[in-house]
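Throughout, read-outs are computed from the coordinates displayed, never taken from laboratory work. This one's a predicted model, so the numbers in the text were calculated from it and none came from an experiment. Heads up, the Cβs are rebuilt from the backbone with ideal geometry, glycines too, and the neighbour counts pull from every protein chain shown.
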Amino acid sequence: MKIAVLMGSPRKKDSYSVCKEIEKQLSLYGDNIEFDYIFLNEFNIKSCKGCCLCFQKSESDCPCREDELNSIKERLFSAAGVIVASPVYAYQVTGQLKCFIDRMSYLFHRQEMVGIPTLIVVTTDGGGSKQVYRYLKMAMSGWGMDVVDNIQIVSPLYFENRSQQGVFEFNERYYRRINNKLIKISTKFIERLKLADRKTPTIYDIFMFNCLRSKTYTSNADYEYWEKRGWLNKEYFYEIKLNFVKRIFGRFMKVLVCMAVARYRKRIN
Ligand SMILES: Cc1cc2nc3c(=O)[nH]c(=O)nc-3n(C[C@H](O)[C@H](O)[C@H](O)COP(=O)(O)O)c2cc1C
């Protein structure tokens, strides 16, 4: 079973060490788990030119042809699970990761990674990890992935003998707490990877699904993609029994999104 690690950091330090620890935890389960570390800084990924051809027509019409995005996509799409890792850079993900997410934005329209169990790892010197996590959760959910859990780590509190000096220093209690959390999220991740059935979507997932479907009203490419997969009139990306509250919420969201699109169209016409 392959786990792809989408590594936003350009170096093999804090975020990498956390992913290695998760790898160690997963190896305790004795399964044949292979980690594929994708260091985005090692690839030539051109910046999005903003033409929107991938949304309107197809991702194969993207003008940034001579780069290495496709080789990353192959490695990512062939994984059973994904870990997205990033340090906080200026209160956001790193530029390398943002550039990659921008180039893969067509996935917000035509989801190719539905249900793939995903962990989010964020490291920081002190601040910004919550908003980076929230951003990554929204992005990965928007790609249809199953965000199982996350870990946010204040690196100077967690790593002993760190060369970088800062406000915080190593704290034994924090270290133990984070290690316990690493064990917990690794267990949750492996259980989800082994689950034969797909996860039951949360209210957040149903909200996202209905917002994402709104794109089919404005793009033929998206409409065809969703229609081919039978998602247009579904409650979620895949067949799953939802409880009464989630079903009603989904229907309410569908009507709300339809009304919002109709109002928007009226305004611009
Ligand atoms: C360019 C740059 C910007 C950073 N911005 C922030 C920041 O906004 N907030 C913060 O708490 N830490 C910030 N950091 C610190 C890193 O998030 C932190 O050291 C992290 O543990 C590094 O992880 P890595 O070793 O995986 O790259 C920044 C570091 C760099 C190099």
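Summary of values
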| read-out | value |
| --- | --- |
| Cβ-placed point charges (K, R +1; D, E -1), dipole of the chain about Cα centre in debye, nearest 20 | 1140 debye |
| The stretch 1-129, dipole about Cα centre (Lys/Arg Cβ +1, Asp/Glu Cβ -1), debye to the nearest 20 | 220 debye |
| Three semi-axes of the equivalent ellipsoid, the stretch 190-238, Cα gyration tensor, whole Å, largest first | 25, 13, 8 |
| Neighbourhood net charge (11 Å Cβ-Cβ; Lys/Arg +1, Asp/Glu -1) for S58 | -2 |
| Cubic angstrom per residue, convex hull over Cα atoms of the stretch 203-268 | 74 Å³ |
| Karplus-derived 3J(HN,Hα), 6.51/-1.76/1.60, for each residue of the stretch 218-232, Hz, glycine and proline x | 10, 10, 4, 4, 5, 4, 4, 5, 5, 5, 4, 8, x, 8, 4 |
| The chain, relative contact order in percent, only Cα pairs under 8 angstrom and at least six apart counted | 18 percent |
| Positive-pole candidate from G144, Y91, I268, dipole of the chain, charges at beta carbon | I268 |
| Gyration tensor over alpha-carbon atoms, the stretch 2-194, equivalent ellipsoid semi-axes in Å | 29, 20, 14 |
| Estimated 222 nm signal from helices in the chain, with DSSP H stretches of n ≥ 4 weighted -39500 (n - 2.57), rounded to 500 | -14000 deg cm²/dmol |
| C-alpha center-to-center spacing [the stretch 77-124, the stretch 184-247] in angstrom | 18 Å |
| On Cα atoms only, tilt of 129-142 relative to the major axis of the chain in degrees | 40 degrees |
| With Cα atoms, 0 to 90° folded angle of helix 14-27 axis to the chain main axis | 90 degrees |
| Size of charge dipole - the stretch 202-267 - debye, nearest 20, with Cβ of Lys, Arg +1 and Asp, Glu -1, no other charges | 320 debye |
| Protection proxy ranking, peptides 176-184, 124-132, average beta carbon neighbours within 10 Å, highest first | 124-132, 176-184 |
| Charge dipole (the chain, unit charges on Cβ, about Cα centre) - positive-most of G128, S17, N32 | G128 |
| Globularity ratio of the stretch 158-265, using Cα Rg and 2.2 N^0.38 Å | 1.65 |
